[in-house]
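A.B. asks: Quick one: the structure is below, questions incoming.
Bear in mind that the values in this text are calculations on the coordinates, not laboratory data. These numbers were taken from a predicted model, which means no experiment stands behind them. Cβ placement follows ideal geometry from the backbone for every residue including glycine, while neighbour counts extend to all protein chains displayed.
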Amino acid sequence: HMHGFSSHTLSFWNDKGERVWAKWHLKTNQGIKNVTDAEAASLPSFGAQQDLVDAIDNGDYPSWSVKVQIMTEAEAKNYHINPFDLTKIWPHSDFPLIEIGQLELNRNVENYFAETEQVAFAPNNLVPGIGVSPDRMLQARLLAYQDAHRYRVGANVNQIPVNAPRCPVNHYQRDGAMAGMCPAHGGGNNQGSGVNFYPNDQAAATPDPQAAAPAMPVEADAWIKPHDTAEYDHYSQAGDLYRLMSDGQKDALTATIAGGLVHASASAQERMLAQIAQADADYADRVKQAMANIS
């Protein structure tokens with residue numbers, strides 16, 4: 001009962017080397033449902049998870065409409081918002097949502113360890129045609145996630161069935177601790193005794209230029225007009241979101257914030273309320289009142 005978002009800016013590119021920037025949205029088809037802190041405290045720790053498991057077991061498969069926003073490189077260069085800023089959205093009035101498909105959860109895991117604990121999601125597991133962007137937080141995650149997975153699961157994390165690609169793999173990254181996919185034991189192709197380096201003279205796999213993304217400088221300044229720090233607006237979008245909420249949603253939000261903030265020092269509370277007030281004065285007033293109600 002909640003939406004999902006890529007948050008990061010990714011990209012699409014074609015065989016002509018043309019690229020556009022994209023943000024992904026997954027809109028729930030079940031409708032939004034929230035719980036307050038008080039309601040959450042009365043639920044068993046597995047309550048929300050159990051609801052999902054039961055729905056799938058009963059054939060009531062949850063689904064999401066997959067939509068994207070598209071921005072050309074030329075539009076990004078001159079847009080007033082840094083399109084690679086993780087903390088900013090792209091206004092739908094400028095970049096409307098385009099529906100491209102559906103995501104459905106229609107099977108529960110059979111072995112929790114094998115299918116959940118060993119899962120290694122990583123933002124650089126991409127198919128040709130979908131790429132990354134100069135988003136600095138994304139660039140950090142491209143390294144950090146895979147690095148953490150190799151430490152947590154092992155060097156051959158991508159050979160574990162739940163992480164392995166469905167298509168044939170022909171590259172030179174293989175062997176090492178816990179190497180699987182041995183043909184002699186019924187596993188997939190681990191390229192046998194072929195060479196594990198490139199270039200070579202064995203007529204082995206060669207890079208496919210059609211699978212290579214267009215060159216991309218990672219510095220955002222190569223893609224957008226320079227922004228002075230004073231130009232950055234950190235509050236308008238937060239205020240706009242707050243003003244879209246109903247009174248009930250505002251009360252739930254501010255009560256949740258107050259529940260944590262009330263335990264901070266007076267100076268920290270003052271600074272936090274000053275930040276919130278720059279988004280919306282009523283927002284700060286409600287948080288302050290909610291803290292007073294707690295104390």
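A.B. asks: How long is the gain from residue 197 to residue 292 if the chain were fully straight, where each residue apart is worth 0.36 nm and the alpha carbon distance is subtracted?
C.D. replies: 27.6 nm
A.B. asks: A further question on this structure: What dipole magnitude, in Debye to the nearest 20, does the chain give about its Cα centre under +1 on Lys/Arg Cβ and -1 on Asp/Glu Cβ?
C.D. replies: 360
A.B. asks: Expressed in whole Å with the largest first, what are the equivalent ellipsoid semi-axes of the range 4-228 derived from the C-alpha gyration tensor as the square root of 5 times each eigenvalue?
C.D. replies: Values: eigenvalues 215, 184, 52 Å².
Each semi-axis is √(5λ); the values are 33, 30, 16 Å.
A.B. asks: Taking 0.36 nm per residue of sequence separation and subtracting the Cα-Cα distance, how much length would be gained by fully extending the chain between residue 275 and residue 119, in nm to one decimal?
C.D. replies: Length difference between fully extended and current span is 52.4 nm.
A.B. asks: Ok, one more. Could I have the simple spin-label model distance between residue 236 and residue 39, label points 7 Å from Cα toward Cβ, reported in nm to one decimal?
C.D. replies: 3.4
A.B. asks: First measure r as the distance between the Cβ atoms of residue 251 and residue 171, then evaluate 1/(1 + (r/R0)^6) with R0 = 41 Å and state the FRET efficiency to the nearest 0.05.
C.D. replies: 0.15
A.B. asks: What distance in nm separates the two pseudo spin-label positions at residue 14 and residue 112, each 7 Å out from Cα along the beta-carbon direction?
C.D. replies: Result: 4.8 nm between the two label points.
A.B. asks: Return the subset of 67/288; 33/77; 77/250; 27/88; 67/88; 23/288 for which the Cα-Cα distance in this structure is over 28 Å, preserving the input order.
C.D. replies: Too far apart for the 28 Å limit: 67/288; 33/77; 77/250; 23/288.
A.B. asks: Rounded, prolate or oblate: pick one for the range 236-294, where a ≥ b ≥ c are the square roots of the eigenvalues of its C-alpha gyration tensor, a/c under 1.5 means rounded, and failing that, prolate if a/b is larger than b/c, else oblate.
C.D. replies: Oblate.
A.B. asks: Averaging sequence separations of C-alpha pairs under 8 Å and six or more residues apart, then dividing by the length of the chain, give the relative contact order as a whole percent. Intermediate values should be presented prior to the final figure.
C.D. replies: Working: 343 pairs, mean separation 47.1, N = 295.
Once normalised by length, the contact order is 16 percent.
A.B. asks: Please arrange 152, 136 by counting, for each residue, the other beta carbons lying within 10 Å of its beta carbon, fewest first.
C.D. replies: 152, 136
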